[in-house]
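One structure below.
Here, each number is a calculation from the coordinates, and none is a lab measurement. Model, not experiment: these values are computed from the prediction. Note that each Cβ is placed from the backbone with ideal geometry, even for glycine, and that neighbours are counted across all protein chains shown.
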């Protein structure tokens, strides 16, 4: 079996013309693997260790998973008695707001309390709850 070496004048590298060598050169040893990080091993008291290790992932990257989105103002579920109490307070606030003798300062505080109770009961839009 004869092997002929060819010098590539453009790059100055030598290559073989036989079929086996060209197939061996085409195969990538890192095919299907990817270096995803580097780390150091711990040093032992005798001085060994402290070597750089590569973390290699085999195959495709896994899909990143996230926690489900939950609004920061999401209230816990209300039991029936607490819901009835808040609905009663909401009806009382509506009566006080309808009264023309209510002062502007009291009106502002009642509207703020009304918005808070409605948010807890889940009757308003998300935009109102984020104010």
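Measuring from label point to label point, each 7 Å out along Cα→Cβ, what is the residue 99 to residue 64 span in nm?
5.6
Length gain on complete extension for the stretch residue 121 to residue 86, per 0.36 nm per residue less the alpha carbon to alpha carbon distance?
Answer, rounded to one decimal: 11.8 nm.
Listing 38, 86, 97 from the residue with the fewest other Cβ atoms within 10 Å to the one with the most, what is the order?
38, 97, 86
Return the Cα extents of the range 80-129 along principal axes one, two and three, sorted largest first, each rounded to a whole Å.
Reported extents, whole Å, longest axis first: 32, 26, 12.
Put a dot 7 Å past each Cα toward the Cβ at residue 112 and residue 35; how far apart are the dots in nm?
The modelled label-to-label distance comes out at 5.9 nm.
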